[in-house]
Amino acid sequence: MYAGPTAPGAPPSRGIPGEAEEPDGPLGWLGYDASRARARARTGEDESVITALASIGGTEVVLIAFEFGYLGGSLGERTGDRLEAAYAQARARGLPVVSLIATGGSRMQEGMRALSQLQRVAGQSALNRAAGLPQIAVVRDPTTGGGWATLGAGADVILGLPGAQIGFAGSRVRPGDADPYAYSAEGQFAAGQLDAVVPPDRLRATLRRWLRLLTVPREPAAVPEAAPPPYALGVRDLPESGWDAVVRARAAGRPRAEAYLRAYFDDREEISGDRCGGVDTGMRCGFGRRDGRTIAFAAQCGTATRPAGFRTAARLVRLADRLGIPVLTLVDTPGAANDAAAERAGAGAAIADTFAALASARAPVTSLLIGEGGSGGALALAAPGRLWATPDSYFSVIAPELAAAILKRDPRQIRQTAGQLRIRPQDLLELGVIRGIVPPGRPTPSRP
């Protein structure tokens, strides 16, 4: 997987200790030259970052690897030179960037000249993002400071090693009473900052799958073919009444998102978290392979969708759009979570952002209503003009019970209200809300 620092085409190193124009670095920090010389003797490297062209599972990448033994993997000017050259090479060759990070942050002995490298890294990352090139980060122990806040947290997919210390604040500068779990890979995953915690013995295979999914050959400015809607996996006949449609959609045994994802994809990997401190287990997002091509997915799992779920879905749609990958959304929710915690977490803004992500996507989005379609919380995941429905689903401006309450109707009129709302799949088709009702089918899943 790792080609080493002298691989053909690797960005050249600059400024080996002993070749510096300014003794003891840009600040004249007494003893800095000697520290670098000792680090070189100890590690065999002349900087804290090694870059190379490499192949991971047959996918060519630009690899960035930190050597923590060299001054704590800290970032200085020469580190910035190498990182800038690596990103530029990735753009020139149209390759993804894979970063193996272990760093304590910016190099004290170079002061603000070191800290300013974070701007260079962020700028280069933005250029690669605009070029539609994926970036994958593996955060090792430790990953703190500016290295986490640029190469790590700024990557498209972030994988953490178990037990790794990860956080903007390093162990020597954080509050003494800080909870160590918050600065661990597991804690960051729970807070929606990592996509997965991957044991070392599974890392190579996980990277191989992610690279296979995200490196999609495409013509510049070409619009990918839309994902086909899945077959219906539940009942075959249409509901007789509006209330019948509601009962079917709420049935405990109805096929949910997991069943549809299994039947639809040959292989898949998932992202996790909204990068804002939240995770919604009722929203499944990721990328899968179907008939030899990659399709992104965002799937509601039948629960009330929380703000973190909407933000994760929006992140998924924007990433897929940037990489030129079509998207499939599975709509199934009684509605957006409406408790006080959801309001404090920005439910309205999160829903608005999801609407905006789907509305502005250039890559085609295909949506299938597989169960409950509860108000705006469901509509936010429904692609305008490309929504299909299964026979055991319904879509309503609001739940029939709540509609009756708003209209101050007797609870005995809930069933009548459901009929008046015209929420059955055949009603939705007649009203022009959906493009069609998908036929039944039970393709054999390739993945258990």
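Worth a mention:
- Of all residues in the range 310-348 being in a helix (DSSP H, G or I) and free of Cβ contacts under 8 Å to residues at least 40 places away in the same chain, the one that is surrounded by the most Cβ atoms within 10 Å (Cβ to Cβ): Ala342
- Looking only at the range 277-309, residues that are touching a residue at least 40 places away in the same chain (Cβ under 8 Å), under 13 Å from the mean Cα position of the chain (by Cα) and within 22 Å of Val433 (Cα to Cα) come to 1 in all.
- Selection count, the range 198-212, where residues are aliphatic (A, V, I, L, M) and in contact with a strand residue (DSSP E or B) (Cβ under 6 Å, 6 or more places away or on another chain): 3
- Residues that are crowded, with 21+ Cβ neighbours inside 10 Å, within 27 Å of Pro239 (Cβ to Cβ) and in contact (Cβ under 8 Å) with a residue 12 or more places away in the chain are absent from the range 350-362 altogether.
- Some residue of the range 107-118 being closer than 17 Å to Thr51 by Cα, not in a helix (DSSP H, G or I) and not hydrophobic (A, V, I, L, M, F, W, C): no
- One residue stands out in the range 261-281 among those that are at negative phi and touching an Asp or Glu at 6+ places or on another chain (Cβ under 9 Å): the one that is surrounded by the fewest Cβ atoms within 10 Å (Cβ to Cβ), namely Asp266.
- The one condition from (1) buried (at least 19 other Cβ atoms within 10 Å of the Cβ); (2) on the phi > 0 side of the Ramachandran plot that Gly385 does not meet is (1).
- Qualifying residue in the range 123-135 (condition: closer than 17 Å to Phe68 by Cβ, crowded, with 21+ Cβ neighbours inside 10 Å and not polar (S, T, N, Q)): no
- In the range 291-321, the residues that are over 13 Å from Glu258 (Cα atoms) and touching a Leu at 6+ places or on another chain (Cβ under 9 Å): Thr294, Ile295, Ala296, Thr305, Phe310, Ala313, Ala314, Val317, Leu319
- Some residue of the range 10-30 being touching a strand residue (DSSP E or B) at 6+ places or on another chain (Cβ under 6 Å), assigned to a loop (DSSP other than H, G, I, E, B) and modelled with pLDDT under 95: yes
- If you go through the range 211-246 and keep only what is over 30 Å from Ala399 (Cα atoms) and among the hydroxyl-bearing types (Ser, Thr, Tyr), you end up with just Thr215.
- Selection within the range 162-190 - surrounded by 18 or more Cβ atoms within 10 Å (Cβ to Cβ) and part of a loop (DSSP other than H, G, I, E, B): Ala164, Gly170
- When Leu358, Leu323 are screened for being more than 28 Å from Ile437 (Cβ to Cβ) and within 25 Å of the chain's Cα centre (by Cα), only Leu323 passes.
- The single condition among (1) hydroxyl-bearing (Ser, Thr, Tyr); (2) within 19 Å of Gly273 (Cβ to Cβ); (3) part of a loop (DSSP other than H, G, I, E, B) that Thr150 does not meet is (3).
- Matching residues, the range 397-448, being within 25 Å of Arg256 (Cβ to Cβ), under 34 Å from the mean Cα position of the chain (by Cα), at pLDDT 85 or above and of a type outside the set (A, V, I, L, M): Arg424, Pro425, Arg435, Gly436, Pro439, Pro440
- Every condition in (1) under 15 Å from Gly73 (Cα atoms); (2) at pLDDT 95 or above is met by Ala114 except one, and the failing one is (2).
- So Pro224, is it within 19 Å of Ala320 (Cα to Cα) and either in a loop (DSSP other than H, G, I, E, B) or touching a residue at least 12 places away in the same chain (Cβ under 8 Å) (or both): yes
- In the range 388-426, the residue that is surrounded by the fewest Cβ atoms within 10 Å (Cβ to Cβ) out of those that are among the charged types (D, E, K, R) and not in a loop (DSSP other than H, G, I, E, B) is Arg412.
- Scanning the range 65-106 for residues that are among the hydroxyl-bearing types (Ser, Thr, Tyr), in a loop (DSSP other than H, G, I, E, B) and in contact (Cβ under 8 Å) with a residue 40 or more places away in the chain yields a count of 1.
- Among residues of the range 319-354, those that are farther than 16 Å from Ala227 by Cα and either not assigned by TED's automatic domain parsing to the domain that holds Cys276 or not hydrophobic (A, V, I, L, M, F, W, C) (or both), counted: 13
The values are calculated or read from the model by the stated rules, or taken from the named source; none is laboratory data. Remember, predicted model here, so these are calculated numbers, not experimental data. Backbone-built Cβ (ideal geometry, glycine too); neighbour counts: all protein chains shown.
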